[in-house]
Amino acid sequence: MNRFIYYLILVNMFANIVSTAPKVLLRHTTDGAIPAMVLGLIAGLLYTQVFIKFFNHFPGQNLPELLKSYTPKWYYYPTLSFFIIMWYLAGTLTLVTFTFMLATFLTPEMAIITMIIPYLMIISYGILMKSKNLLYATEVIFLLFLPIPFLTFSKAYFSSHLNWDVVKVAMMHSNTLPNFSSFTASFFTFAGISNLVIFNQYFTKKMKFGLKQVLIVGSISFIALFTTYFMPIGFSGFEHISSLLYPWISTTDSVRMKFGLIERLVFIFLLYFVVIAILSMTIHWHVSARLIQSIFHSNKLKVKNIDLIPFIIIIIFSSIAIFFSLTMTEYNLYKFASVVYNIMPLFFSLFLITMWLIMRGAKHEKS
C-alpha cells in the first residue's frame, strides 16, 4: 500500500500546477516568490514526514476514530468541523478554477451551470464509492494519464521558444524576503498527504518514508515547483507574466508538436488537467464527506437500509459549489485561493496539537 502515498501526494501536486497556485507565485516574482518556494518545499517535506510518522503509530485507524478515542468531545467536534470545511474548500477551489478555465478556453458559449453539472455527477459518484475503491481508481487514472505531463514538460524544456535568459533574470530576484502568500501556495503542493486522515484505515502496516522516500518526493516536488514558476516566465516574459490569468495554459499553447496528430499541445494538456482536476476534487470531497459521516449517525435517515446522509451531503456540496461558480469573478477566485492557501499554516498547527493530544491520550490509556 506504500505506493498509494505517492499517488495522494502527486495528484494534488499535479492539479496544483494548473490551478491558482502559479498565479499566486507569479504575482510575487520580484518580492519573495523564489525564497518562499524554497521554504515551502522544506516545510512541505517536513509536514509529509511528520504526518506519516504520526499515522505509523496507529496503522489501520483513521483520524475520526483516533479523535473519538483519545480526545474530549469539546475538542473532537470543533476540530473535525474545521477539517471538514478545509477539505471541502480545497476541492471547491479546484472545481471553480477548473470551470472558469474550461469556460475561457474550450466552451466559452456554454452556460456555467450546464458545464458544471456533469462534473458534479462524476464527483458525486466518487463520494459514494468505498474509500479503498477510490484509492485503486486513483492509481489506474493517474498511471494512465501520467505520460501527458512528462510529454508537456519535455516539449516545453526543449522548445526553441523558451527564453532561458528571461529565466535567469527571474532567478536574480532570489535575494528578497520570502512572501507569505507564495510560501503557503508552495506549501499547499504537499497537502495531498493530508488525505491519510481517512485513507489510513487501509494502511495496516507501517509506511516507509525514510531518506530514500524523502529524496524521491523532494526531487519531484522541486521539479514541479521549478517548472510551475519558471516555465511560464520563460515563454511569456518576465515583465508582464503577473497579468496572465492562466499562465500554464498560455505556456502550453506556445508549444507545438510539429509532426503530431494534434499540433497544439494545449488541447492534450487540457485533457490531462480535466482528468486530474476531477480526481483531485473527488478525493477532497470524499474525505470531507467521510469526516461528516463520522459525526452524524442516524437510523432515522435510512430508507430500506440505504443511508441517506451521503446523498444529503452531495446535495449540499453541489449547491454551494454551483453558487460559487455562478457568483465568483476571476478576481474573487484569486482572493478565495489566497485565503485557502493562507489557512494552511493554521491547519498544520492545529494538526500538530491534535497529534500531541492523541499521542498523550494513547500513552495514558496504555499506562
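The values are calculated or read from the model by the stated rules, or taken from the named source; none is laboratory data. These numbers come from a predicted model, not from an experiment. Here Cβ is always computed from backbone atoms with ideal geometry, including for glycine, and neighbour counts include all displayed protein chains. Accessible surface is based on the protein model in full, side chains and every heavy atom, while ligands, DNA and RNA are left aside. Shrake-Rupley method; radii C 1.70, N 1.55, O 1.52, S 1.80 Å.
The fraction of accessible area contributed by carbon and sulfur in the stretch 126-223 is 68 percent, rounded to a whole number (1.4 Å probe; ligands and nucleic acids excluded).
If I take every Cα pair under 8 Å that is 6 or more residues apart in the chain, average their sequence separation and divide by the length, what percent do I get for the relative contact order?
40
With no solvent and one equal point scatterer placed on each C-alpha of the stretch 1-47, evaluate the Debye formula and give log10 I(q)/I(0) for q = 0.21, 0.24, 0.28 Å⁻¹, two decimals. Those come out to -0.83, -0.97, -1.08, one per q. Each stretch of four or more DSSP H residues adds -39500 (n - 2.57); spread over every residue of the chain, this sum gives -24500 deg cm²/dmol at 222 nm. Give the carbon-plus-sulfur fraction of the accessible surface of the stretch 273-357 in %, rounded to a whole number; probe 1.4 Å, heavy atoms of protein chains only. The value for the stretch 273-357 is 72 percent carbon and sulfur by accessible area. Just check the stretch 1-135 against the gyration tensor rule for me: Cα atoms, a ≥ b ≥ c as the square roots of the eigenvalues, rounded for a/c under 1.5, and otherwise prolate or oblate depending on whether a/b exceeds b/c. It comes out oblate by the Cα gyration axes.
State whether the stretch 302-367 is rounded, prolate or oblate according to the following rule on the C-alpha gyration tensor (a ≥ b ≥ c being the square roots of its eigenvalues): a/c under 1.5 gives rounded; otherwise a/b larger than b/c gives prolate, and the remaining case gives oblate.
Cα axes put the stretch 302-367 in the oblate bin.
Overall, the ratio between the Cα radius of gyration of the chain and 2.2 N^0.38 Å, rounded to two decimals, is 1.00.
Centre-to-centre separation between the Cα atoms of the stretch 105-176 and those of the stretch 185-215: 20 Å. The residues of the chain present an accessible area of 46 Å² per residue when probed at 1.4 Å with all protein chains retained. Here the stretch 33-90 exposes an accessible surface that is 70 percent carbon and sulfur, computed with a 1.4 Å probe and the other protein chains kept in place. Considering only Asn56, Leu245, Phe199, and ranking their Cα positions along the charge dipole of the chain that arises from unit charges at the beta-carbon of Lys, Arg, Asp and Glu, the one farthest toward the positive end is Asn56. Could you run the Debye sum over the Cα atoms of the stretch 139-258, one equal point scatterer each and no solvent, and tell me log10 of I(q)/I(0) at q = 0.13 Å⁻¹, two decimals? Summing over Cα pairs of the stretch 139-258 leads to -0.70. Using a probe of 1.4 Å, the accessible surface attributed to Arg360 totals some 110 Å² when neighbouring protein chains are kept in position.
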